[in-house]
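See structure below.
The values are calculated or read from the model by the stated rules, or taken from the named source; none is laboratory data. Predicted model, so just to flag it, every value in this text is computed and none were measured. Cβ placement follows ideal geometry from the backbone for every residue including glycine, while neighbour counts extend to all protein chains displayed.
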Amino acid sequence: MSFRFWSHVAIESDDECWPWTASRHPDGYGQFREAEAPVGAHRFAYALVFGQPPRGARIAHRCGHRACVNPAHLTLASTCSRGEPQAHDPRPIVLAAADIERFWSKVDASSKDGCWLWTATLTHGYGSFWLVGTNARAHRVAYTLAHGPIPDDFCVCHRCDNPRCVNPEHLFLGTNAENQADKVAKLRHSHGEAHGAARLCLADIAEIHRLAASGGKQTVIATQFDVSRAVIHGVLTNRIWKTHTPERRERPVEERS
């Protein structure tokens, strides 16, 4: 399916927009038919490279070009497409003394230097704390108690990568884009062979780099692996499968011309 997708993309260079050349919605976004249902082409491109975005999350264009599907130009927006809040509630977290006592009673803080685990309700792996008629993310409550209000459009991220942890020393602020970049850098997204849309394996990636280093043309390599030239281009420029790029070895000085 990724071959069919990239065959509808016009790739000029790494940094420029990659326009969608097939059908477009009247609002200007590209449309790609997946399993008989149309999806936004930019959303499909984002999922191929970074993994599936959170349900309801909006994918925004840094370039402002709605038909662009260059993954480098795509980022998660801070709100959903219909204006609903994301998984966290952006309203200020206000706690009474009784709420604070109730909150910490649900925390296992037995280790001073380790994670403080939330022992009550979990939602998608994160602690959930009932507060003033709504559920608040427990780690956001913990950050507020320790550091004060959370600025608008900021996420509370985990240094420890443990969503149950509410140790304030393990929490830090970041934008949605920074949060996603941290996720990708730590390989917590669907990537490589684990990605549902993957058509290549690790051995294929190594072979693609070998063939290209030997002078093979991208179109020929694409035909050999039954993928589009855009996929080969993405592999060789570290746009996709970048965590599996073979290390470049310098030749000894005496071998250089």
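Sort out which residues of the stretch 114-153 are under 12 Å from C165 (Cα atoms) and exposed (fewer than 13 other Cβ atoms within 10 Å of the Cβ), and write them in order of number.
G125
What number of residues in the stretch 126-161 are of a type outside the set (D, E, K, R) and under 17 Å from the mean Cα position of the chain (by Cα)?
Start the filter on the stretch 126-161 by keeping residues that are of a type outside the set (D, E, K, R), which leaves 126-136, 138-139, 141-151, 154-158, 160.
Right, trim to under 17 Å from the mean Cα position of the chain (by Cα) and you get 154-158.
So the answer is 5.
Can you tell me which residues in the stretch 172-211 are modelled with pLDDT of 75 or more and over 19 Å from the mean Cα position of the chain (by Cα)? Lay out the reasoning, then the answer.
Applying the first criterion (modelled with pLDDT of 75 or more) to the stretch 172-211 yields 172-175, 201-211.
Passing the criteria: C201, L202, A203, D204, I205, A206, E207, I208, H209, R210, L211.
Give F50, F32 a once-over and let me know the one that is buried (at least 19 other Cβ atoms within 10 Å of the Cβ), closer than 27 Å to T123 by Cβ, under 21 Å from the mean Cα position of the chain (by Cα) and aromatic (F, W, Y). Before the answer, list the steps.
On the way: F32 fails: closer than 27 Å to T123 by Cβ.
Going through F50, F32 in turn, just one is buried (at least 19 other Cβ atoms within 10 Å of the Cβ), closer than 27 Å to T123 by Cβ, under 21 Å from the mean Cα position of the chain (by Cα) and aromatic (F, W, Y): F50.
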